[in-house]
Every structure is written in C-alpha cells, then in structure tokens.
Amino acid sequence: NAGVTQTPKFRVLKTGQSMTLLCAQDMNHEYMYWYRQDPGMGLRLIHYSVGEGTTAKGEVPDGYNVSRLKKQNFLLGLESAAPSQTSVYFCASSYSSSNEAFFGQGTRLTVV
Amino acid sequence: GESVGLHLPTLSVQEGDNSIINCAYSNSASDYFIWYKQESGKGPQFIIDIRSNMDKRQGQRVTVLLNKTVKHLSLQIAATQPGDSAVYFCAPTDTGRRALTFGSGTRLQVQP
C-alpha cells in the first residue's frame, strides 16, 4: 500500500516549456487535490476533484490544468511554465472533504 | 478561503515545555477541523481532528480545543520534544464545502 505517490520528485523547466505532474493513490479515494507551497508559506489549493471525470478550480488555478480520467490518478499540467510557478507541489487524496487527507512527498519545480 | 498564503509565524519553545498553537477561522459553517504536521521536506501528515459537536479532543501528547463562538481552535502539545519541530496547519472544513483548504500555518521550533 503505497498511499499517494507523486512523480517526478524534482524538475527544472525553462520558461515556456510544458510539463505534467502525476499523482497516483491506491486507497480508492474519491477526492484528490493539488496544492502549491512557496518557501516559508502555507498550502494553496490549485485544483481539486471530487470523483473520476470531475475537476474544479481552487484558490490559485491560473496557469494550470488538471485531468482525472481514472479514479486513482490526478494529473496537473503546466502548458507554458513561468518563473512564478517555481514552487513545491503537493498532491493529496481523501474519502471526502470531511476526512483526513493523505499527502504525497511533493514535487519541487523550478522554472528558469 | 481559509488559506491566505502568509509568511509563517514562528513559535519557539524549550524542550519539555508545553506548546500551544492557535488557529482562527472565518467560516461559521465549518464543522470539521483537522490539524496537520509538516516536517521539513515532507508532505503534511494528519495529527488529530475534531468535529463541531465537541469542544475538546485528546490524543497522545496532543489536545485540540475548539471554541466555535469565537471561531478559534488550538493545538496543545505536552512535553514538547525536538521531533515536534515542524510547521503545523489547521484545516477547517464543512460538509457543504467540497475542497480541503488550509489555514496559515505556524512553525514550531523546539530548543534543546
């Protein structure tokens, strides 16, 4: 039982490049979330999903897209990376919004 | 939302002392509250939760107090240890709210 797994763990992008971050969970959770965390700051919700095939915007969705084609996977895409998107990205999953969320180990993204 | 992206305040305590970390929330509909601990370089981990029909809940060395009247909750850590050094986040939520968002965290530093 791996929990929540994020790939990759580290990535350096050039401005304008695109990439996809993958989140996989093996707990059969309905809810999945993507957050960003800037140095010394809290977690801000980017997008989330309440079930397979559904997605919704969070607090800071601009510049990101997501997809939830399979229940166990939640993909975060950056179409044209900007230096302001340099951050640590965390994925999480839970049974519902009223249950604890389990987090991945994070992806450290640097955009130069 | 509850997450405001502010720089984290720091609480410094001596090893063995008790620590109290506070969290104010704004949504009066919040009925479920979770505390998470985030160690350096890792994703947040669940510590303890409390539902709105309670005003106190105890775990191992931790106690959460909820005051719905003033929309405030606190996390008390007894006999603080060096391993307690981390950032602590509260996550107020409600059953009508589909996304998990975080309050501004507090960095706990335990001095030997």
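Are any residues in the range B:38-59 within 11 Å of another protein chain (Cβ to nearest Cβ), basic (Lys, Arg) and not in a loop (DSSP other than H, G, I, E, B), and if so, which ones?
Listed by number, the list holds a single entry, B:ARG51.
Sort out which residues of the range B:69-95 are hydroxyl-bearing (Ser, Thr, Tyr) and crowded, with 23+ Cβ neighbours inside 10 Å, and write them in order of number.
Scanning the range B:69-95 gives B:TYR88, B:THR93.
How many of the residues making up the range B:60-93 are free of Cβ contacts under 8 Å to residues at least 40 places away in the same chain, part of a strand (DSSP E or B) and either under 17 Å from B:GLN38 (Cβ atoms) or within 14 Å of another protein chain (Cβ to nearest Cβ) (or both)?
Result for the range B:60-93: 2.
Consider B:SER30 against the criteria (1) at pLDDT below 90; (2) open to solvent by 40 Å² or more (accessible area, probe 1.4 Å); (3) within 14 Å of chain A (Cβ to nearest Cβ): it satisfies all of them except one. Which criterion is unmet?
(2)
Among the residues of the range A:29-41, what is the count of those that are open to solvent by 10 Å² or more (accessible area, probe 1.4 Å) and over 9 Å from A:SER93 (Cβ atoms)?
Residues flagged as open to solvent by 10 Å² or more (accessible area, probe 1.4 Å) and over 9 Å from A:SER93 (Cβ atoms) within the range A:29-41 amount to 6.
Which of the residues that make up the range B:15-27 are more than 14 Å from chain A (Cβ to nearest Cβ) and touching a residue at least 60 places away in the same chain (Cβ under 8 Å)?
Listed by number, the residues that qualify are B:GLU15, B:GLY16, B:ASP17, B:ASN18, B:SER19, B:ASN22.
For the list (1) open to solvent by less than 30 Å² (accessible area, probe 1.4 Å); (2) more than 17 Å from A:LEU109 (Cα to Cα); (3) without any contact (Cβ under 8 Å) to a residue 60 or more places away in the chain, I need the number of the one condition that A:GLN85 fails.
The failed condition is (2).
The values are calculated or read from the model by the stated rules, or taken from the named source; none is laboratory data. Source: prediction; values computed, not measured. All Cβ positions, glycine included, derive from the backbone under ideal geometry; neighbour counts span all protein chains shown. Keep in mind that these areas ignore ligands, DNA and RNA; they rest on the heavy atoms of the full protein, side chains included. Shrake-Rupley method; radii C 1.70, N 1.55, O 1.52, S 1.80 Å.
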